[in-house]
Amino acid sequence: MEGPIVGVIGIIVMFAVLFLLRIPAAFTMAIVGFAGVVYVTSFKAALGMIGADMWNIFSSYGLTVIPMFILVGEFAHWGGYNNSLYNATYRWFGHYRGGLAITTIMACAIFSAISGSNSATAATMSTVAIPEMKKYNYRPELNAGAVAAGATLGVLIPPSIVLVIYGLYTGQSIGKLFFGNVIPSIILTVLIAATVFYICWRHPDWGPKGPKSTWRERFGALPDLIEISLLFGIIMFALFTGCVTATEAAAASCALGLIMCLMRRKLSWKGFIASVTDTLHISAMVFIIVAGAVIFGRFLAVTRLPFEAASWISTLALPGWALFWIIMLCYIIGGCVMDALAFLLVSLPIFYPIVMEMGYDPIWFGQVITIVTTMGAIMPPVGLCCYVVAGMAKDIPLSTVFKGSLYYIPSYIIAILLLMLFPYGTVMVLSNLVR
Amino acid sequence: MKYLERVNIALNGFLMVIGGFAVLGIMTVATANVVLRMVHAPYRGAYEVVSFLGAVVIAFALGYTEKKKGNIIVEILTERFPKRLRKTLEGVSCMISGAFFSLVSWQIYEYGMKILESGELSETLKIAFHPFVFAVSSGFAVLALTLFVDLAGLFVNREEG
Amino acid sequence: GHAASIVLTYANFPPATTFPSIQMERWAKEVEKRTGGRVKVQTFPGGTLLPAKNIFDGVVAGMADIGNFAMSYQPGRFPLSEAIDLPVGFRNARAASMALFDLIEKYQPKEFAKVKLITVFTCPPADIMTRIPVRSLKEIKGMELRTSGTGTDVLRRIGAIPIGMPQSEAPEAIQKGIVKGNVSSMEILKDFNFAAYLPYAAEANLFVVSFAVVMNKDRWDSLPADVKKVIDGLSREQAEWTGAYVDDHVREALEWSKKKYGHQVIRLSDADQSEISRLTRPMIDDYVRKVTAQGLPGREIMKDVYALKQKHEKKYR
Ligand code: NA
Ligand code: NA
């Protein structure tokens, strides 16, 4: 059998197992990917791959940001800081419909400016935001959807792993890519927040209005925010002016958060143990999803399906814009069936030259690609962010998370259309400032 | 059966304690490195140490996560299946996953042996790093064990019920 | 005519635009041409088939038929080629590649017993690319510099603070000031656009990184004799081609960087050059001691390295 056909069959088998066998999604991707590699190469070769790949993923420095940002979220959670944060925002915005969901989106955007990955953002924000929104009788569709969509900002807003990889691959300046990303990030954040307004307008009971607080109550809630804002300010200052990696910023914020909790006697021994335990098992859950996606991607690479599909598309005699949208579609589908980064690595060498030949600006194309791969993270059935959120919120089933997230898909498409209509105003105006 | 279950839980708990120290270790090393860099004396091995500790953190939490059923299952279709069929599928799932992760554990062990025998050292610190590889291997072994104990548990419950 | 009856898969770790991947494409094209289209080579750049540190083992296991990897990134595993990575001051990749080729040909080291060696080559000598100009050795004292391979030891000995991290994380680290520069061969100024944030370079010829291309032994044995002959015939030629290509590419990258970003190359004084040699000399003694303990003729290897360096550098300037 031809390699690419094996790849297509592999994708079908993966979905069949996923939907019918009650094997965890991460295990399914790894097992089907492994079996596929056995089929295409040999048992011996597949065995060699699995050992080394697992070690490589587990010992990757970039991914250590995940346990660190989960831990800081846990300390803030068990130390009661999130309570204060949400209590204060509720005093100020709770009497608007969906006010807390908007706050969640904003908090996701802020977290994203620290974290390069959407799984870390999804995991952290799930612990922080979902219990609070639940407390104020928000519907699970709105809670989970807002966190999942907000978390995709993790790979969009710099520092973004996708943009760094794109820059290295294509030789484009990372600085230009990050600066060019500022307006698209704002556009998408605003669009996602607007979607929350829309949802609450359509379903008034999903994000109920709270009672209006008095001005005294509003200002009375503010001192609770000082410590957490201070912590946040220090991290942001370190990241943007100073000299730390994302992992280091996360680690330092953990340490500061821990010291703060201990000094204020906010964190009990029980809370401390729970923080560490939760961090461990949430990180394990996220890592094993990443590992499954990498192994399944490895199988697709061996079948050459991504390469062949891409080069087949490039040979079609179509006008430039049609070709462009077909490429976009490939990225959307690719983002649905495999890890966005893995698909990016496989496809860029083939698509990038085609797109450049069509005369598009490389910095601009980087932004479009990032938004599209980002959207893949909330698309059923493999959207990574939704899996993480469903895993974190034990009482919200995966189907509800996906249902809640689907409302946000138009935001991404509108963002891409805006980028297509106004390439200069959205991207180049800032990226051109960088030397 | 009860005894096996207890051994399994104790093992997961033991690994979680080590994993907990490792995660605090990452926090300490990475934070210390930020401070050291401010005084222009960064620790050149910080990257490597953090990466290796990260591997331990995740690997040692695998069994516990499975025990808590923390890994996400797509239930859109199967939640409509009859209870009996669902239980059988759960057994099949444990068996396939357990077998697979036994393979993974064995292969990571082999990978560690290869590094040990060839004398390969870490890139920056030039230290032998195979103990970390073996740690990841044992994490997967405990995951596989947990899955097999769960499988056995399904059988026992069926006989009793 | 024959349809392509033999398909070989070739795994590589850096992106498609970098020189190790370009030499892979060249090799694939030559093999296809010289076998009259009977052999087709499917290339997998960017670590899509095998990640960097698993390419050698992956080829032994049969995950890929052929693989290119950096021996220097797995210290201890390829002791013979480590001699070429030592700070002996190679001046270009062509001479270093040929010296590596001849050294391996002479000693037939046991680390390659499980594979068929297709070719070897090195990157151009590493120089110090920085944000602020470095005009003398004194000025890099206490400076945090990103590097890899032998670089950590070299930098430590000449007084800098080496930070080992992958090339892919360097741009962010530079922009945030975690490191003040990058110690690597200079084609990256253009290939990865480092010229945009590292406008100065001090030419120091510190060390090279050595690469090997290997093939699965069973796969090799299964090939017809005439195909084997083509591949063997290409071995030395490919090493030389790659060295020459990347040397030219460095020159091109420097011109491009100068034109586009006003990039400036600073030549360190002769006194500084010999000071670097003096400071890093213990690394060579350590190497000899280490491999002698492993049963290799350390002193003889180093003598050969110097002789080969002289021989090839006379030919390729
Ligand atoms: Na981000
Ligand atoms: Na759930």
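The values are calculated or read from the model by the stated rules, or taken from the named source; none is laboratory data. Being a predicted model, the structure only gives us computed values, none of them experimental. No Cβ is skipped: glycine too gets one built from the backbone with ideal geometry, and neighbour counts run over all protein chains shown.
Taking only region B:44-74 into account, find how many residues are of a type outside the set (Val, Ile, Thr), at the interface with chain A (Cβ under 7 Å from one of its Cβ atoms) and assigned to a loop (DSSP other than H, G, I, E, B). Before you say what the answer is, go through the steps one by one.
If we filter region B:44-74 for residues that are of a type outside the set (Val, Ile, Thr), which is where we start, we get B:44-48, B:51-55, B:59-64, B:66-71.
Now narrow it down to the ones that are at the interface with chain A (Cβ under 7 Å from one of its Cβ atoms): B:47, B:51-52, B:54-55, B:59, B:61-62, B:64, B:68, B:70-71.
From what is left, the residues that are assigned to a loop (DSSP other than H, G, I, E, B) are B:68, B:70-71.
Looking only at that region, the number is 3.
Across region C:130-152, the number of residues qualifying as aliphatic (A, V, I, L, M) and part of a loop (DSSP other than H, G, I, E, B) comes to 3.
Condition check ((1) more than 14 Å from chain A (Cβ to nearest Cβ); (2) aliphatic (A, V, I, L, M); (3) touching a residue at least 12 places away in the same chain (Cβ under 8 Å)) across all residues:
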position	(1), (2), (3)
C:37	yes, no, yes
C:45	no, no, yes
C:49	no, yes, yes
C:73	no, no, yes
C:83	yes, yes, yes
C:91	yes, no, yes
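Listed conditions (1) within 16 Å of ligand 1 (Cβ to nearest atom); (2) at pLDDT 75 or above; (3) not in a helix (DSSP H, G or I) are all met by residue A:95, apart from (1).
Here residue C:182 meets each of (1) polar (S, T, N, Q); (2) within 30 Å of residue A:45 (Cβ to Cβ); (3) within 14 Å of chain A (Cβ to nearest Cβ) with one exception, condition (2). Regarding residue A:123, is this residue at pLDDT below 85, away from chain C (no Cβ under 14 Å), within 16 Å of ligand 2 (Cβ to nearest atom) and crowded, with 24+ Cβ neighbours inside 10 Å? Yes: the conditions hold for residue A:123.
Of all residues in region A:384-397, those satisfying the criterion of being crowded, with 24+ Cβ neighbours inside 10 Å and away from ligand 1 (no atom under 16 Å from the Cβ) are A:386, A:387, A:389, A:390, A:391, A:392.
In this structure, residue B:97 does satisfy being among the polar types (S, T, N, Q) and within 8 Å of another protein chain (Cβ to nearest Cβ). All of A:11, A:5, A:102 fail the test of being modelled with pLDDT of 85 or more and farther than 30 Å from residue A:138 by Cα, apart from A:5.
Would you check if residue C:149 is out of contact with any Cys (no Cβ under 6 Å at 6 or more places or on another chain), modelled with pLDDT under 95 and within 14 Å of chain B (Cβ to nearest Cβ)? Before you say what the answer is, go through the steps one by one.
On the way: out of contact with any Cys (no Cβ under 6 Å at 6 or more places or on another chain): yes; modelled with pLDDT under 95: yes; within 14 Å of chain B (Cβ to nearest Cβ): yes.
In short, yes.
A quick yes/no check of all residues on (1) farther than 30 Å from residue C:154 by Cα; (2) facing another protein chain (nearest Cβ under 7 Å); (3) surrounded by fewer than 24 Cβ atoms within 10 Å (Cβ to Cβ):
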{"site": "C:26", "(1), (2), (3)": "yes, no, yes"}
{"site": "C:30", "(1), (2), (3)": "yes, no, yes"}
{"site": "C:34", "(1), (2), (3)": "yes, no, yes"}
{"site": "C:62", "(1), (2), (3)": "yes, yes, yes"}
{"site": "C:67", "(1), (2), (3)": "no, no, no"}
{"site": "C:77", "(1), (2), (3)": "no, yes, yes"}
{"site": "C:80", "(1), (2), (3)": "no, no, yes"}
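With respect to residue B:29, is the statement that it is in a helix (DSSP H, G or I) and facing chain A (nearest Cβ under 7 Å) true? Here the answer is no, as residue B:29 does not meet what is asked.
Among residues of region B:125-145 that are within 12 Å of chain A (Cβ to nearest Cβ), those with a beta-carbon under 7 Å from a residue that is among the charged types (D, E, K, R) and crowded, with 24+ Cβ neighbours inside 10 Å at least six positions away or on a different chain give the pairs B:143/B:66. Does region C:168-187 hold any residues that are touching a residue at least 40 places away in the same chain (Cβ under 8 Å) and assigned to a helix (DSSP H, G or I), and which are they? Once the filter is applied, which keeps residues that are touching a residue at least 40 places away in the same chain (Cβ under 8 Å) and assigned to a helix (DSSP H, G or I), region C:168-187 yields only C:174. The set of residues in region A:55-85 being within 22 Å of residue A:139 (Cβ to Cβ) and more than 22 Å from the chain's Cα centre (by Cα) consists of A:83, A:85.
On the given criteria, is residue A:396 closer than 25 Å to residue A:324 by Cβ and touching a residue at least 40 places away in the same chain (Cβ under 8 Å)? First the steps, then the outcome.
Numbers: closer than 25 Å to residue A:324 by Cβ: no; touching a residue at least 40 places away in the same chain (Cβ under 8 Å): yes.
Considered against the rule, which asks whether it is closer than 25 Å to residue A:324 by Cβ and touching a residue at least 40 places away in the same chain (Cβ under 8 Å), residue A:396 comes out as no.
What is the one condition in (1) at pLDDT 85 or above; (2) more than 16 Å from ligand 1 (Cβ to nearest atom) that residue A:369 does not satisfy? (2) is the only condition that residue A:369 fails. Close contacts from region A:282-305, counting a first residue that is closer than 12 Å to residue A:35 by Cα and a second that is part of a helix (DSSP H, G or I) and acidic (Asp, Glu), with Cβ to Cβ under 7 Å and a gap of 6+ residues or different chains, come to A:295/A:53; A:298/A:53. Taking region C:189-218 as the range and being among the acidic types (Asp, Glu) and either at the interface with another protein chain (Cβ under 9 Å from one of its Cβ atoms) or in contact with a Leu (Cβ under 8 Å, 6 or more places away or on another chain) (or both) as the test, the residues that pass are C:191, C:203.
Does residue A:401 count as buried (at least 24 other Cβ atoms within 10 Å of the Cβ), touching a residue at least 12 places away in the same chain (Cβ under 8 Å) and more than 15 Å from ligand 2 (Cβ to nearest atom)? Taking the combined requirement at face value, the residue does not satisfy it. Scan region A:44-67 for residues that are modelled with pLDDT under 85 and more than 9 Å from chain C (Cβ to nearest Cβ) and the total you get is 5. Taking residues in region A:1-27 that are crowded, with 16+ Cβ neighbours inside 10 Å, and partners anywhere that are of a type in the set (S, T, N, Q) and not in a helix (DSSP H, G or I), the pairs with Cβ atoms closer than 8 Å and at least 6 places apart or on different chains are A:24/B:71; A:25/B:71; A:26/B:71; A:27/B:71.
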